[in-house]
Amino acid sequence: MSDVAAPGVTRQFGVFVAVGLVCVLVDVGLMQLLLSLGTHPLTAASAGFSASLVLNFALHTRVTFAAAWSTGAMVRYAVVVLVNYGLTLGFVTASCAMFGSAMVGKLLSLPVITAIGFLLSRRWVFR
């Protein structure tokens, strides 16, 4: 059985997604609030992404991967976050140009960054 199909990995992915959903509520909720207040779309996306960052790392460290906190994990996590942040901004920028909506791009980016985040977290960040 491959590592990806193992029952423990399936459960771990479920926890990863549940933690992610909590963080999405923080992320998208703050972004929507800021957009409704007239904040520039990239600033609103950045604020939402940043607000969920600390919560996401803490929950994934303790709950999802049951890992000990380490500077190395934090640095590796920061690299993954920067990659996902760039992808998010790219989706938001393209969505604003194509659809006139930042939120469409934000929502479309979520499955992409979830898959990348899980795979890199499991195999590299929290190893």
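Observations
- Evaluation of PHE57 against (1) of a type in the set (A, V, I, L, M, F, W, C); (2) surrounded by fewer than 18 Cβ atoms within 10 Å (Cβ to Cβ); (3) closer than 18 Å to VAL125 by Cα (one fails), failing number: (2)
- Some residue of the range 6-20 being closer than 17 Å to LEU82 by Cα, within 12 Å of the chain's Cα centre (by Cα) and surrounded by 18 or more Cβ atoms within 10 Å (Cβ to Cβ): yes
- Scanning the range 70-100 for residues that are surrounded by fewer than 12 Cβ atoms within 10 Å (Cβ to Cβ) and under 13 Å from the mean Cα position of the chain (by Cα) turns up LEU82, GLY86.
- Residues of the range 71-127 that are of a type in the set (Phe, Trp, Tyr) and part of a helix (DSSP H, G or I): TYR77, TYR85, PHE91, PHE99, PHE118, TRP124.
- Any chance ALA67 is outside any helix (DSSP H, G or I) and surrounded by fewer than 17 Cβ atoms within 10 Å (Cβ to Cβ): yes
- GLY48 satisfies every condition listed in (1) touching a helix residue (DSSP H, G or I) at 6+ places or on another chain (Cβ under 7 Å); (2) farther than 15 Å from GLY105 by Cβ; (3) of a type in the set (Gly, Ala, Ser) except (2).
- Candidate set from the range 101-115 (those that are without any contact (Cβ under 8 Å) to a residue 12 or more places away in the chain and not hydroxyl-bearing (Ser, Thr, Tyr)); member that is surrounded by the most Cβ atoms within 10 Å (Cβ to Cβ): VAL104
Read-outs throughout are calculated quantities, based only on the coordinates presented, and are distinct from any laboratory measurement. All values reported here derive from a predicted model rather than from experimental measurement. A quick note on method: Cβ atoms are made from the backbone with ideal geometry, for glycine too, and the neighbour counts reach across all protein chains shown.
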